[in-house]
Amino acid sequence: MYRVIVVDDELVIRSGITHFINSEMKDFEVLNSFGDGAEAIDYFKTNDIDLVISDIKMTHVSGIDLAKYIFENRPSIKVILLSGYREFEYARSAIQYGVKYYILKPTNFTEFKDVLANMKSELDQDKSRKDQVLFMDKIKLLYSNILSNKKKEAQDILLSVFEDVKDCPISKIKQYFYDLFEIIFDKFNLYLKIQITAEKFNLNQLLSLESVKEVKGSALDILEKVFHLLLVEEEAPNVFLLQDIKEYVQEHLQEDISLQDVADKMFFSTVYFSRFFKKQTGETFSNYLLRVRMEQAVKLLRKNKKVTEISEACGYHDPSYFTRIFKEYYNYTPKDYARRFISC
């Protein structure tokens, strides 16, 4: 059920909308109502809300001001504005703050119902996207703990996923964990060069189970087998991981790449990736990236490339910034470095 607040300086309108939603719209619940946008903003500070229905004109903080605040500070909250006919063009100025729905006063509740139905569809889509992001974040964390040989932490993450989906139908829970392991196996194949198949770990068995307890037991058993497999492989996968990381950096050197970009590419959490890279190479990723860029810059200087060309090729789109970084690294500007070490 989506959480709603109503903001209008007329009590009769607030009460009418609140009663309509709480009696007619089963997917929405009005938790509170306020006479001014300032009160609503205070409420946001300690409460989670999905939808705000607000009048345009109010004494202190208007509906437009409220929409602007939400856009800048709580962008996940949706807004529906209530407007008199004369104010309608003014209300449309809230488009820049992400407001798409307007209701003319006096309120036509048939139209209002249609707007809320559309709003529910948008909120459902947002929730689905958010759930998918959270799902992938947990898989990344699980994957990172597997690679770190942290069995207890990995088991805890797996069990927390069960908590997330425990109220879903059993068919969805089974598919959820089938997909989870299939994604992890795919990353093993791609980055660790360990050939794992769904058949090898009998993933299809998950889909034939009939209770949550059985699915949980089977998932934990599969996880145990994964740890055993990596124990047998020992350190070999790290060689392939480092190779893939370094190849990715070289292929994207001209881009504004970051630790986050490479961690996402390798399907690591940023924390795990940072620790892994430092442990395997003895230097931080940021220092490695800087070193590779500076070495590439020198190679291009030897080919008589212009500073602007070198800057772009090394991922710096501002030549003056590139020159400053180069000087900090080598104690010479690119031109001075070329004169001193290359021209002769």
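Some values worked out for this structure:
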quantity	calculated
Fewest-first ranking of VAL4, VAL271, VAL165, using other Cβ atoms within 10 Å as the exposure measure	VAL271, VAL165, VAL4
Of ASN47, ASN149, ASN238, the one that fluctuates the most in a GNM where the chain has Cα springs shorter than 10 Å	ASN47
Per-q log10 I(q)/I(0), the chain, q = 0.10, 0.11, 0.14, 0.16 Å⁻¹ (Debye; single scatterer per alpha-carbon; no solvent)	-0.87, -0.93, -1.02, -1.14
Taking THR107, THR197 and counting other C-beta atoms within 10 Å, the order from fewest to most	THR197, THR107
Hydrodynamic radius (Kirkwood) for region 2-107, which is based on Cα pairs only, to one decimal in Å	13.5 Å
Selection of trypsin sites (Lys or Arg not before Pro), region 1-80, meeting DSSP coil and at most 12 other Cβ within 10 Å	LYS26, LYS45
Gained length - GLN243 relative to LYS26, 0.36 nm times residue gap less alpha-carbon distance	72.7 nm
Residue exposure sequence - PHE341, PHE135 - by fewest surrounding Cβ within 10 Å	PHE341, PHE135
Shape category assigned to region 63-204 from the gyration tensor of Cα positions, a/c cut at 1.5	prolate
Neighbourhood net charge (13 Å Cβ-Cβ; Lys/Arg +1, Asp/Glu -1) for LYS305	+3
Region 188-344: radius of gyration and largest Cα-Cα distance (Dmax), Å	22.4, 77
Full-stretch length increase - ASP137, GLU111 - with 0.36 nm per residue and alpha-carbon distance subtracted	5.4 nm
All Cα pairs of region 1-47, percent lying beyond 18 Å	28 percent
Surface/4 estimate of mean projected area, convex hull on alpha-carbon atoms of region 127-234, nm²	6.5 nm²
Estimated distance in nm for a label pair at LYS213 and TYR330, the labels positioned 7 Å out from Cα along Cα-to-Cβ	6.9 nm
Among SER208, SER269, SER148, residue whose mean-square fluctuation peaks in a GNM of the chain (springs only between Cα atoms under 10 Å)	SER208
Sparse-neighbourhood loop sites, GluC sites (Glu not before Pro) in region 154-248 - DSSP loop, at most 10 other Cβ within 10 angstrom	GLU199, GLU210, GLU234, GLU235
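Read the figures in this text as sums done on the coordinates, not as results from a lab. On a predicted model such as this, the values are computed, not experimentally measured, just so you know. Cβ atoms come from the backbone with ideal geometry, glycine included; neighbour counts cover every protein chain shown.
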